[in-house]
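Comments concern the structure below.
The values are calculated or read from the model by the stated rules, or taken from the named source; none is laboratory data. All values reported here derive from a predicted model rather than from experimental measurement. Neighbour counts are summed over all protein chains in view; Cβ atoms, including those assigned to glycine, are modelled from backbone coordinates with ideal geometry.
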Amino acid sequence: MGHSVMIILGIESATSQVGCAIGGHEGVLASVHSSRGRRHAENLAPQIEFVRAQARINLSEISVVAVDVGPGLYTGLRVGVATAVSIAFGLGIPMIGVSSLDLLAYPVRHCSKLIVPAIDARRGEIFHANYRQVPGGVQRISEPAVSTPDDLAADLLAHGNEALLVGDGAVRYADMFANLRGVEAAEPSVAYPSAASIVQLAHAKALREEFVSPSELEPVYLRKPDAAEIEQQKRKIL
């Protein structure tokens, strides 16, 4: 695969935002996001059509589909992954899965503190992990976990690290972290994983040939869905 023609479609739906982007070695050519909550299934197809037109790229020119594999909200995650998989199958091209937590850490990679992405997992919980700055980016140094904001706050307090919290979970529970010494919150503008970041991270992975086939792509749920989410999903499929 010639690197000069590698075109990546990135799809993001792990949180309350949904978005997609197209790009390659020249960077991101077009991207779009919307946060009209929970309408991921209706939003995604028109968005893909829109970024494709904006980037002046035909579907047949796309060489990789990259998708946020979570952790994230069950329903949105399923929609994004299913859409990405069907496009990749249809075009006969490989995929790259990117972690939602990696995507949150990436834009704040220049921060020398401990970087802690925290995604609002609903039900009073958050998905989170710890990252450290390394040359050329960030590295995850703990397993992705699901816990209460209280537990994360206690953990940060116990370790006494200077930390930067980023993500919609950090925003939602800001008051729980506000009085922890040395802990600051990133600004809300970077609170959601961005489809542009998917394209950028996936491009680096593509150069290292870290591809998976559509049938191998595994979303990361970290938690069983509740009955309401499964019910909602069934209605979407019918």
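Couple of notes before you dig in:
- Flag if residue 89 is farther than 22 Å from residue 188 by Cβ and at pLDDT 95 or above: yes
- Given (1) surrounded by 13 or more Cβ atoms within 10 Å (Cβ to Cβ); (2) within 26 Å of residue 29 (Cβ to Cβ); (3) not small (Gly, Ala, Ser), index of the condition residue 180 fails: (2)
- Count of segment 165-187 residues which are over 23 Å from the mean Cα position of the chain (by Cα) and over 13 Å from residue 111 (Cβ atoms): 6
- Close pairs from segment 215-238: first modelled with pLDDT under 80, partner crowded, with 16+ Cβ neighbours inside 10 Å and in a helix (DSSP H, G or I), Cβ under 6 Å, at least 6 apart: 225/74; 229/74; 229/75; 232/75; 233/75; 236/41
- Enumerated strands (runs of 3 or more DSSP E) restricted to segment 87-164, each holding at least 2 residues that are buried (at least 22 other Cβ atoms within 10 Å of the Cβ) and either within 17 Å of the chain's Cα centre (by Cα) or not assigned by TED's automatic domain parsing to the domain that holds residue 13 (or both): 95-99, 114-120, 126-128
- Residue in segment 201-216 that is under 12 Å from residue 118 (Cα atoms), out of contact with any Ser or Thr (no Cβ under 7 Å at 6 or more places or on another chain), of a type outside the set (Val, Ile, Thr) and buried (at least 17 other Cβ atoms within 10 Å of the Cβ) present: no
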